[in-house]
1. What distance in nm lies between label points placed 7 Å from Cα along the C-beta direction at Arg153 and Arg177?
2. Under the rule of -39500 (n - 2.57) per DSSP H run of 4 or more residues, summed and divided by the residues of the chain, what mean residue ellipticity at 222 nm is obtained, to the nearest 500 deg cm²/dmol?
3. Looking at the chain as a GNM with Cα springs under 10 Å, which of Ser39, Ser198, Ser136 has the largest mean-square fluctuation?
4. Tell me the relative contact order for region 158-270 as a rounded percent, counting alpha carbon contacts under 8 Å between residues six or more apart.
5. Roughly how tilted is helix 40-51, in degrees to the nearest 10 and between 0 and 90, from the longest Cα axis of the chain?
6. Based on the Cβ-Cβ distance from Ala215 to Ala311, what FRET efficiency comes out when R0 is 25 Å, to the nearest 0.05?
7. At what distance in nm do the modelled label points of Glu346 and Ser234 sit from each other, each positioned 7 Å from its Cα along Cα→Cβ?
8. Rolling a 1.4 Å sphere over the protein heavy atoms, what is the accessible area per residue of the chain, to the nearest Å²?
Amino acid sequence: MRTAVAAFDVGGTNSRLRGGRAGEPEYTELKVRTADHPSLGDLLTSCLDEAGLRPETVVLAVAGRVPAHGDVQMTNLPHWPVFESAAFAAEHGIRLSVVNDMTATAHGMADLGPDEVRPLTHHDAAFRADELLAVSVGSGVGSALLDGHGVVRTSESGHVAWQPVDAFEAGYLAFLRAGSGRSERADGIDGVVTVEESIGGLRGFDRMYDYVCRAAPPTPELHDRVTEARRTGSAVAPLITAAALAGDPRAREVVRLFAALFGQYLRGVVLVCLPAGGVVTLTSGVLQAPGVAEFLCGETEFLDRFISPGACHHDLLAEVPVRLALDPLVGVRGAYRLATRAALREAPQAD
């Protein structure tokens, strides 16, 4: 028996729905702007209605910590009310499982084939590895470890503090500590600035852009594009990365700052999660844009900060393959995989 399933990957900027029948290849997909909805419950209901889906099993992947009771507060949408998962499931007559978005991403990455990833380091071990670390830099920053037994261990690694290593970065830290460009909901105690606040796609690129442009003004073309994006509520990160690839000097400074901080963060996560080695797979709309990953690896300190030649354990980091996932839907892909598994487990068996 095939049962109707639906999977959501709800991010701070965009949300995606995939729905169909468990075990069948066809499915329906939908993408919406997360901010166009007043609550998580409203987003789920309106998406299912628009897609014409009436699922029995739903997996919801969210950007936020998921307590045991399943009631969640979206990390990047603090004005949304807490989503009460049990009440929503009862109201709609569904089996609902809520997971962290990095859990879904890790399961999606486990399905990627060799032609769906691009090596970013000069060395690349056998495609399959016992330990897979999935790292995402999108609206938020996060990671999850898929171990050799198929168990996913998520973290809130994007909310750790970061340490500047030169005067330019120290200036950026002071800029953020002073409240410049920070939202009303500071992500920590006074004086602590997190990786997500610094480089996360929802506001990080805005902050880095404003900091870089304090020392030297942006080109009129870049300024006009960023101003219009902010006026309409659009993301500035794609504009800045595209301008950097086109040679814009201020945009290139922003991307180089992003790359340095990202490489430093990635180093720390690998040392914690892969002390015996493994494979790192990156995902994010920022990195998946054409040419951006190549720019990071060839024109910035990203890999130098990741390996940190001469630092303790640099030999381990130099041997860890880093890859880029090419599928932009890896999160909802993993959530759909989980939903299908759950549905088939619950389906009554024929005599």
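1. Using points 7 Å along Cα→Cβ, the separation is 3.3 nm.
2. Values: 14 runs with 144 residues, N = 351.
Helix contribution divided over all residues of the chain: -12000 deg cm²/dmol.
3. Maximum among the listed residues: Ser39.
4. Details: 103 pairs, mean separation 27.8, N = 113.
With pairs under 8 Å counted, the relative contact order is 25 percent.
5. 70 degrees
6. 0.30
7. 4.0 nm
8. Numbers: 15760 Å² over 351 residues.
Heavy-atom accessible area per residue stands at 45 Å².
The values are calculated or read from the model by the stated rules, or taken from the named source; none is laboratory data. Just so you know, these numbers come straight off a predicted model, no measurement behind them. Cβ coordinates were reconstructed from backbone atoms using ideal geometry, including for glycine residues, and neighbour counts include every protein chain displayed. What goes into the accessible areas is simple: the full protein's heavy atoms, side chains included, and nothing from ligands, DNA or RNA. Shrake-Rupley method; radii C 1.70, N 1.55, O 1.52, S 1.80 Å.
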